[in-house]
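Nothing in this text is a laboratory measurement; each read-out follows from the coordinates by a stated rule. For clarity, every value in this text was computed on a predicted model and none was experimentally measured. No Cβ is skipped: glycine too gets one built from the backbone with ideal geometry, and neighbour counts run over all protein chains shown.
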Amino acid sequence: MRSERLDLVLMPIPLIDAFIAQDRAAVDRLADYRVPASFPTAGALALLRFRREQLTHDPSRSPWLLRAIVLRDTRRMIGFVNFHGPPGSNDVGAPDAVELGWTVFPNHRRRGYATETARALMNWAATERGIRRFISSTTPDNAPSLRVHNKLGFARTGQVVDGEIIFELRR
Ligand SMILES: CC(C)(COP(=O)(O)OP(=O)(O)OC[C@H]1O[C@@H](n2cnc3c(N)ncnc32)[C@H](O)[C@@H]1OP(=O)(O)O)[C@@H](O)C(=O)NCCC(=O)NCCS
């Protein structure tokens with residue numbers, strides 16, 4: 001999956017395992033892009049473990065799960081993105097919807113990468129999987145994330161789940 005400036009590269013199970021084991025030599029062998037020393041943070045590590053567990057139970061989830069956001073020009077990993085899973089895996093239990101989550105590393109923010117990433121991911125889901133309904137959520141104090149939702153055309157549903165505002169986009 002690619003966009004104008006980015007490659008969104010699926011993380012295969014051996015690479016996820018290398019991240020969890022914090023085995024840098026294996027990471028460098030398995031990733032054809034440069035991973036910053038700061039990845040994974042504690043939060044990212046928890047997400048990697050959770051997604052790894054899901055893949056153990058259901059390997060068919062793989063295309064929906066973790067991708068590195070890679071800047072094509074420099075081959076640097078600048079963030080990561082995933083769907084929560086196939087249709088139905090979302091905060092509001094909508095059977096036809098997929099939910100996205102994205103992170104851009106701090107020193108690469110405010111260059112439009114999160115917006116470009118989310119658009120590419122939704123285009124893939126729409127054209128390859130026929131998805132028409134997208135869910136996303138963020139906390140009310142996350143101004144950059146709120147702005148990204150606005151730029152993408154997401155609308156508030158009025159629901160709040162675990163303190164997060166639920167957004168929806170229909171295409
Ligand atoms: C939210 C996040 C992904 C945005 O990444 P990004 O690549 O900087 O996003 P973009 O450049 O596409 O857009 C950011 C927008 O927020 C704006 N912005 C940034 N900081 C802001 C602030 N403090 N207040 C208001 N707007 C702000 C930027 O100006 C930009 O809007 P613009 O294009 O109109 O100028 C990034 O901040 C991040 O990873 N945060 C931590 C993880 C997270 O919160 N993820 C979202 C939850 S799903």
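Kindly establish whether Ala21 is small (Gly, Ala, Ser) and surrounded by 18 or more Cβ atoms within 10 Å (Cβ to Cβ). Answer is no for this residue.
For Pro86, which of the numbered conditions (1) closer than 15 Å to Met1 by Cα; (2) surrounded by 14 or more Cβ atoms within 10 Å (Cβ to Cβ) fails to hold? Evaluating Pro86 over (1) closer than 15 Å to Met1 by Cα; (2) surrounded by 14 or more Cβ atoms within 10 Å (Cβ to Cβ) leaves (1) as the failure.
If you go through segment 133-151 and pick out every residue that is closer than 24 Å to Glu4 by Cβ and more than 9 Å from the ligand (Cβ to nearest atom), you end up with 1.
The single condition among (1) among the polar types (S, T, N, Q); (2) surrounded by 16 or more Cβ atoms within 10 Å (Cβ to Cβ); (3) touching a strand residue (DSSP E or B) at 6+ places or on another chain (Cβ under 9 Å) that Ser3 does not satisfy is (3). Screening segment 152-171 for residues that are farther than 15 Å from Arg133 by Cβ and under 18 Å from the mean Cα position of the chain (by Cα) and picking the one that is farthest from the ligand (Cβ to nearest atom) gives Ile165.
Of everything in segment 94-132 that is in a loop (DSSP other than H, G, I, E, B) and within 10 Å of the ligand (Cβ to nearest atom), the residue that is surrounded by the most Cβ atoms within 10 Å (Cβ to Cβ) is Phe105.
Surrounded by 14 or more Cβ atoms within 10 Å (Cβ to Cβ) and in a loop (DSSP other than H, G, I, E, B): is that true of Phe80 in this structure? The answer is no for Phe80.
Residue-wise test of (1) within 17 Å of the chain's Cα centre (by Cα); (2) without any contact (Cβ under 8 Å) to a residue 12 or more places away in the chain; (3) loosely packed, with under 14 Cβ neighbours inside 10 Å.
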{"residue": "Val27", "(1), (2), (3)": "no, no, no"}
{"residue": "Ala46", "(1), (2), (3)": "yes, yes, yes"}
{"residue": "Arg67", "(1), (2), (3)": "yes, no, no"}
{"residue": "Arg76", "(1), (2), (3)": "yes, no, no"}
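Select from segment 133-171 the residues that are outside any strand (DSSP E or B), of a type in the set (Ser, Thr, Tyr) and within 26 Å of Leu71 (Cα to Cα) and list them in ascending order. Answer for segment 133-171, where residues must be outside any strand (DSSP E or B), of a type in the set (Ser, Thr, Tyr) and within 26 Å of Leu71 (Cα to Cα): just Ser145.
When Ala68, Ala18 are checked against the criterion of being touching a Leu at 6+ places or on another chain (Cβ under 9 Å) and in a strand (DSSP E or B), a single residue qualifies: Ala68. Contact map, segment 106-121: residues that are among the hydroxyl-bearing types (Ser, Thr, Tyr) paired with residues that are within 7 Å of the ligand (Cβ to nearest atom), Cβ distance under 6 Å, separation 6+ or inter-chain. Pairs shown: Tyr113/Val104; Thr115/Val148; Thr115/Lys151; Thr117/Trp102. For segment 29-44, residues that are closer than 23 Å to His84 by Cβ and without any contact (Cβ under 8 Å) to a residue 40 or more places away in the chain total 4. In segment 85-105, the residues that are on the phi > 0 side of the Ramachandran plot form Cβ pairs under 9 Å with partners that are assigned to a loop (DSSP other than H, G, I, E, B) and more than 9 Å from the ligand (Cβ to nearest atom), at six or more places apart or across chains, as follows: Gly85/Asp58; Gly85/Leu65; Gly88/Ala94; Gly88/Pro95; Gly88/Asp96.
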